[in-house]
Amino acid sequence: MARWACHPDPAVVDGEMMTGGIIRTRNTRYLLIGPEGDLKDILQQRRDLMANGVRRQLVTADERLFDLLPAAWGLTDEEFERLAGLPERWMWEWRNHYRAPLDEELAIARRLMSFHEALHCIGAGGQHYAKSWRRIWKPDSLIGERSPLQAIIKDGKSALELLETYLRASAQ
């Protein structure tokens with residue numbers, strides 16, 4: 001903090017060089033705002049804020065998956081919660097801003113997006129895409145006589161990985 005009557009810059013008449021301080025020039029008064037401190041600290045604060053902004057953008061992109069995947073797959077919130085292993089009413093709480101996704105839940109969304117991409121590798125898209133989740137496979141298939149939705153809800157991550165590996169191998 002510095003107070004001067006005669007500043008080295010002839011345009012500044014007097015004032016306090018601190019946040020909230022007022023300096024006076026010949027024609028104007030200025031209220032100083034911004035962080036006080038060492039330039040290194042200020043630059044570190046700026047880097048931290050930028051990193052936080054980047055993280056928020058990534059989280060926002062991952063959060064969109066909680067809306068996009070159930071819509072693309074034709075699933076109700078309850079079905080998607082069971083599929084993703086989320087607690088009951090998780091989707092309602094998230095949509096109504098009672099909860100923010102935890103890192104583990106964002107990882108689930110990214111994992112399901114990877115599976116979504118595997119489905120596209122075999123051309124499971126278009127107007128019948130959502131139906132493919134409910135189509136019952138043959139009894140001698142790798143998931144037996146059930147749909148992918150039933151298999152993943154019942155067997156969890158192991159069925160998801162098995163199906164994704166199978167789909168990606170089928171696409172080649």
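The values are calculated or read from the model by the stated rules, or taken from the named source; none is laboratory data. Keep in mind the model is a prediction, meaning the values are calculated, not measured. Here Cβ is always computed from backbone atoms with ideal geometry, including for glycine, and neighbour counts include all displayed protein chains.
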Among the numbered criteria (1) surrounded by 12 or more Cβ atoms within 10 Å (Cβ to Cβ); (2) modelled with pLDDT under 80, which one does Ile33 miss? (1)
Looking at Glu104, is it at pLDDT 90 or above and closer than 24 Å to Arg56 by Cα? yes
Search segment 39-51 for residues that are modelled with pLDDT under 80 and pair each with any residue that is surrounded by 10 or more Cβ atoms within 10 Å (Cβ to Cβ) when their beta-carbon atoms are under 9 Å apart and the residues are at least 6 apart or on different chains. Asp41/Pro35; Ile42/Pro35; Ile42/Glu36
Taking segment 145-172 and keeping only residues that are within 18 Å of Glu81 (Cα to Cα) and polar (S, T, N, Q), one is left with Ser147, Gln150, Ser158
Going by the structure shown, is Gly85 surrounded by 12 or more Cβ atoms within 10 Å (Cβ to Cβ), in contact with a Gly (Cβ under 7 Å, 6 or more places away or on another chain) and not polar (S, T, N, Q)? yes
Sort out which residues of segment 158-172 are free of Cβ contacts under 8 Å to residues at least 24 places away in the same chain and not small (Gly, Ala, Ser), and write them in order of number. Glu161, Leu162, Thr165, Gln172
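Please determine whether any residue of segment 164-171 is at pLDDT 85 or above and closer than 21 Å to Glu105 by Cβ. Give the steps one after another, and end with the answer.
First, pick out the residues of segment 164-171 that are at pLDDT 85 or above: 164-166.
Still in the list and also closer than 21 Å to Glu105 by Cβ: 164.
Yes, segment 164-171 contains a residue that is at pLDDT 85 or above and closer than 21 Å to Glu105 by Cβ.
Which ones in segment 88-114 are of a type in the set (Gly, Ala, Ser) and either surrounded by fewer than 17 Cβ atoms within 10 Å (Cβ to Cβ) or more than 13 Å from the chain's Cα centre (by Cα) (or both)? Write out each step before concluding.
Of segment 88-114, the ones of a type in the set (Gly, Ala, Ser) are 100, 107, 109, 114.
Ala100, Ala107, Ser114 - these are the residues of segment 88-114 that are of a type in the set (Gly, Ala, Ser) and either surrounded by fewer than 17 Cβ atoms within 10 Å (Cβ to Cβ) or more than 13 Å from the chain's Cα centre (by Cα) (or both).
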Among helices (runs of 4 or more DSSP H) lying entirely in segment 50-138, which contain 2 or more residues that are among the aromatic types (Phe, Trp, Tyr)? 90-95
